[in-house]
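Some notes on the structure that comes next.
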Amino acid sequence: MRHRWGQKKLGRTSEHRLATLNNMATALFRHERIETTLGKAKALRPYAERLITRARIDTVHSRRLVARALKDRSVVKHLFDDIAPRFTDRPGGYLRIVRTNPRRGDGAEMAIVELVERRDAGASGGSSGD
């Protein structure tokens with residue numbers, strides 16, 4: 001059984017893995033959508049969701065903890081001012097992973113990681129044309 005085995009190692013040392021996750025999270029929050037391998041996407045999801053959850057509470061302490069991971073002040077500001085307010089009513093599940101075609105060079109499974117857009121509840125009404 002694989003209970004409590006921790007995280008995917010991604011073939012890297014712990015420092016390299018942390019730097020990879022920091023860089024991928026920075027790119028995700030900057031562009032709100034990135035394409036990467038499936039393994040990296042699955043490793044990124046809990047890491048980035050914890051940062052969004054932390055950013056929902058806008059305090060100096062939260063900003064410092066998030067800035068420790070993201071390293072780019074403009075991305076930290078974008079996360080706290082634009083991204084986190086979208087998810088104030090959502091209890092989690094801020095990211096979506098969509099599998100795409102394999103990478104052409106080596107056949108690696110690829111995926112798109114994107115922020116979940118909140119849809120308007122009234123826009124999907126079925127009987128509007130009566």
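The values are calculated or read from the model by the stated rules, or taken from the named source; none is laboratory data. Source: prediction; values computed, not measured. Cβ sites come from the backbone with ideal geometry, for glycine too, and all protein chains shown count toward neighbours. Side chains included, ligands, DNA and RNA excluded: accessible areas come from the protein's heavy atoms. Shrake-Rupley method; radii C 1.70, N 1.55, O 1.52, S 1.80 Å.
As a check on your grasp of the helix formula, calculate [θ] at 222 nm for the chain: sum -39500 (n - 2.57) over DSSP H runs of n ≥ 4, divide by the residue count, round to the nearest 500. The helix contribution divided over the chain gives -13000 deg cm²/dmol.
Phi angles across the range 102-116 convert, under the Karplus curve 6.51 cos²θ - 1.76 cosθ + 1.60 with θ = phi - 60°, into 3J(HN,Hα) values of x, 5, 5, x, 10, x, 5, 5, 10, 8, 9, 10, 9, 6, 6 Hz, Gly and Pro given as x.
Suppose R0 equals 25 Å. What FRET efficiency, 1/(1 + (r/R0)^6) with r the Cβ-Cβ distance, do H31 and H3 give to the nearest 0.05? Can you show the working numbers first?
Numbers: r = 35 Å, r/R0 = 1.41.
The calculated FRET efficiency here is 0.10.
For the pair the range 13-43 and the range 92-113, the centres of their Cα atoms are 12 angstrom apart.
The apolar share of the surface of the chain, taken as the fraction of accessible area on carbon and sulfur atoms (1.4 Å probe, ligands and nucleic acids excluded), comes to 49 percent.
Highest mean first, the peptides 40-52, 69-81, 104-116 sorted by other C-beta atoms within 10 Å per residue fall in the order 40-52, 69-81, 104-116. Listed by chain and number, the lysines placed with their C-alpha closer than 19 angstrom to that of K42 are K8, K9; residues fewer than eight positions away on the same chain are left out.
The relative contact order of the chain comes to 28 percent, based on Cα pairs under 8 Å that sit 6 or more residues apart. Of the listed values (i) 98; (ii) 181; (iii) 110, grab the one calculated as volume of the Cα convex hull per residue in Å³ from the structure here. Computed from the coordinates, volume of the Cα convex hull per residue in Å³ corresponds to (ii).
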